[in-house]
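In what follows, a structure is listed as structure tokens, so that the remarks can point back to it.
The values are calculated or read from the model by the stated rules, or taken from the named source; none is laboratory data. Small disclaimer: the values here were computed from a predicted structure and weren't measured. Glycine gets a Cβ as well: all are built from the backbone with ideal geometry, and neighbour counts include every protein chain shown. Quick note on the areas: whole protein, heavy atoms, side chains included, nothing else; ligands and nucleic acids left out. Shrake-Rupley method; radii C 1.70, N 1.55, O 1.52, S 1.80 Å.
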Amino acid sequence: MGPPGAGKGTHAAHLAGRLGVPVVSTGDIFRAQVAAGTDLGRTAQRYLDAGEYVPDEVTNAMVRERLAADDCGAGFLLDGYPRTLDQVAVLDDIRGVDAVVVLRVDQEALVRRLLRRAETERRSDDTEDVIRRRLQVYADQTVPLISVYDDRGLLREIDGNGEIHEVRHRVLHVAGVLVPAESAGAPTPAE
Ligand code: AMP
């Protein structure tokens, strides 16, 4: 979990690779459906473009189907789900989670990162107005989930400010997948 621009996608991909499990990113699935012009994509597009959440019943049905696939049998890493209390309840019903990693990033750094991403990736929802709306929706609908998972003892909060390799190190550390050289702070060969 984390606000838009916190680095969820970047760190989820790396961590999932290290854990040997697939990443299930609801945002990526929605964007793929939009690109493919499916019914789901047509439904989702207006919400994505406005910075609003896709309705729970649509999102939950999609996640249920994805997590039932064979490759998720031994585990998975969710990126961007759950984002509402209703989604938490559905995820509880599908399968419990082992841990919830939250990336915390200063607000101004987020807006800077998102505007930079807008130039490179051309996402339709990375305009300044939509960015501010997405940050507000996150504050209203998703921040309450933090205390839910904290009460369950599952929360792992991480400082998401700084360079990607620094944040990656913190993520791997809380996930318990650091090798000794990384523990000492040395960059990995991929960097
Ligand atoms: P992301 O790539 O995670 O920032 O998601 C991009 C957009 O996809 C969000 O702004 C929402 O419109 C939609 N989306 C992604 N995940 C969810 C979710 N769990 N619930 C509702 N909408 C979502």
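For the range 1-92, which whole-number percentage of the solvent-accessible area (1.4 Å probe, protein heavy atoms only) is attributable to carbon and sulfur atoms? Summing carbon and sulfur atoms, their accessible area is 53 percent of the total for the range 1-92. Remark on residue 24: its backbone amide H falls under 5 Å from those of 77, 78, 79, a criterion applied only to residues 5 or more positions apart or on other chains, H modelled at 1.01 Å from N.
What you get for the chain, charging only the Cβ of Lys and Arg (+1) and of Asp and Glu (-1), is a dipole of about 280 debye around the Cα centre. The alpha carbon centroids of the range 109-158 and the range 8-29 are separated by 17 Å.
Take the chain with all the other protein chains still there, run a 1.4 Å probe, and you get 53 Å² of accessible area per residue. The charge dipole of the range 1-104, taken about the Cα centre with unit charges on the Cβ atoms of Lys, Arg (+1) and Asp, Glu (-1), comes to about 360 debye, rounded to the nearest 20. Taking amide hydrogens as placed 1.01 Å from N in the peptide plane, the amide H of residue 157 sits under 5 Å from those of 102, each at least 5 positions away in sequence or on another chain. For the range 30-147, a/c is not less than 1.5, where a ≥ b ≥ c are the root eigenvalues of the C-alpha gyration tensor, and a/b does not top b/c. That puts it in the oblate class.
Summary value for the chain: 29 percent relative contact order, contacts being C-alpha pairs under 8 angstrom separated by 6+ residues.
Shape analysis of the range 47-93 places it in the prolate category; the axes a ≥ b ≥ c from the Cα gyration tensor give an a/c of at least 1.5, with a/b above b/c.
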